[in-house]
Every structure is written in C-alpha cells, then in structure tokens.
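Just below is one structure, and these are the notes that go with it.
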Amino acid sequence: QVQLVESGGGLVQAGDSLRLSCAASGRTFSMNAVAWFRQAPGKEREFVAAIRWSSGVTFYTDSVKGRFTISKDNIKNTVTLQMNSLKPEDTAVYFCAARNRPILSAGLSSQNTYDDWGQGTQVTVSS
C-alpha cells in the first residue's frame with residue numbers, strides 16, 4: 001500500500017500559477033503510475049494528468065494541455081503538478097492517486113484504475 005499526501009493548494013487569481021505536490025510513502029517501489037484528479041462542487045471527479053513511474057511518459061486531459069505539467073522525482077518519491085494560466089473553471093479539490101500494478105495507457109484516465117488516494121487539496125481561482 002502507498003500513502004499519498006497532497007499539498008500546495010490555495011487561493012489565486014485567474015492567470016496566476018500554482019504548484020501542487022504529492023508525497024508518496026510506504027510501498028513506493030510498487031508504483032506503476034501516479035495521476036492527478038479533480039472534483040468541483042456538484043460535479044464528478046475528473047482526470048487531469050498522469051505519469052508512468054518508470055518511463056516518465058505523461059498524459060493530460062485536453063482542457064489542461066499547454067497549461068499544466070506533471071513531473072516526478074524518483075528519489076524523493078514525489079509528483080508535482082505545475083499549473084499555469086489558471087482559470088476559474090480549474091477551481092476544485094485536487095487528488096493524487098497511485099496505481100500499483102501494470103496498466104495500459106488507455107486505462108490511466110479511469111478512477112477505478114488507481115489503488116491508493118490522497119486526501120485532496122483545495123485550489124480556488126478567482127476571476
């Protein structure tokens with residue numbers, strides 16, 4: 001099992017930047033992929049970005065391409081989501097999640113792909 005803790009959320013204005021961090025502990029050697037999801041009030045949780053732990057290959061949902069960047073530090077066992085040009089529609093609770101078994105790329109955007117989840121961190125973007 002992997003324990004995940006998100007940090008870095010806050011209140012910013014539209015156009016500003018924010019960097020979220022996900023710290024992993026426990027059986028981190030078993031991680032296959034790590035992803036960020038977000039959930040706005042009254043809406044379903046949606047996929048944001050994912051990164052494969054061994055190769056570093058990244059995946060993004062269309063609405064954040066060119067604005068968000070996911071990266072990892074294998075030594076520190078952390079995953080970062082750099083968010084630039086933030087928009088009010090980015091307002092949500094952001095969660096990180098880990099997959100501990102092999103998975104096809106097509107499955108990386110599905111919530112049920114992931115085995116362990118963090119508690120979430122709030123991001124609020126004012127207009």
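Here are some notes:
- Spacing of the two label points (7 Å from each Cα toward its C-beta) at Glu46 and Ser110, in nm: 2.0
- With each label modelled as a point 7 angstrom along the Cα→C-beta vector, the Gln39-Ser85 pair spans 2.9 nm.
- Residues in the range 117-123 carry Karplus couplings, in order, of 10, x, 7, x, 9, 7, 10 Hz; the curve used is 6.51 cos²θ - 1.76 cosθ + 1.60 with θ = phi - 60°, and Gly or Pro positions show x.
- Protection proxy ranking, highest mean first, for peptides 110-119, 31-40, 46-55, 83-92: 31-40, 46-55, 83-92, 110-119, where packing is the per-residue count of other beta-carbon atoms within 10 Å, averaged.
- The range 91-127 residues near the modelled Val57 label - backbone nitrogen below 19 Å, point 7 Å along Cα→Cβ: 98-111, 113-114
- Here the chain has 48 percent of its accessible surface on carbon and sulfur atoms, given a 1.4 Å probe and all protein chains in place.
- Only Cα pairs under 8 Å and 6+ residues apart enter the sum, and on that basis the relative contact order of the chain stands at 36 percent.
- Surface accessible to a 1.4 Å probe, per residue, for the residues of the chain, Å²: 50
- Under 29 Å from Lys76, Cα to Cα: lysines that are on another chain or at least 8 residues apart: Lys65
The values are calculated or read from the model by the stated rules, or taken from the named source; none is laboratory data. Quantities reported herein were computed from a predicted structural model and do not represent experimental measurements. Here Cβ is always computed from backbone atoms with ideal geometry, including for glycine, and neighbour counts include all displayed protein chains. Ligands, DNA and RNA are excluded from the accessible area calculation, which covers all protein heavy atoms including side chains. Shrake-Rupley method; radii C 1.70, N 1.55, O 1.52, S 1.80 Å.
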